[in-house]
Amino acid sequence: MSDLHGLTTMGFKAKARKHRQDNGEETEKKATSSVKTGELPCGVKGCEKFADKSMGGRSLSIDDAIDVWGSSGYEERKGRVRVCKSCYRKYKKESKNDDMY
Ligand SMILES: [Zn+2]
């Protein structure tokens, strides 16, 4: 499962540097490798975040999920609903019930 092949076919063009003065304005964005991607998609429909543990994801019970997102607003996975961090926060908020109303 490796996608890494053929990535380094650019080579160096030694001659290509004649016109390169202006404060090196190379917007080359070194592949900001800190962009987090996960493997477990959030179980909430319409949410495109990830529910990986390493990213703060949680797994809720079906009942919990129904409380917050309704019976068709989530996707179940083995009897649990994986949610991303922000969905979990929403859940926490919602499940606080009337207290702060
Ligand atoms: Zn989510």
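Scanning the range 53-79 for residues that are away from the ligand (no atom under 14 Å from the Cβ), touching a helix residue (DSSP H, G or I) at 6+ places or on another chain (Cβ under 7 Å) and not in a loop (DSSP other than H, G, I, E, B) gives a single hit, ASP67. Starting from residues that are farther than 13 Å from VAL44 by Cβ and either within 16 Å of the ligand (Cβ to nearest atom) or buried (at least 20 other Cβ atoms within 10 Å of the Cβ) (or both), keep the ones in the range 81-101 and report whichever is modelled with the lowest pLDDT. Checked the range 81-101; the qualifying residue modelled with the lowest pLDDT is SER95.
Return yes or no: is CYS47 modelled with pLDDT of 95 or more, assigned to a helix (DSSP H, G or I), within 22 Å of the chain's Cα centre (by Cα) and within 16 Å of the ligand (Cβ to nearest atom)? No: the conditions fail for CYS47.
The values are calculated or read from the model by the stated rules, or taken from the named source; none is laboratory data. These figures come from a predicted structure and were not determined experimentally. Don't worry about glycine lacking a Cβ; one is built from the backbone with ideal geometry, like all the others, and counts go over all protein chains shown.
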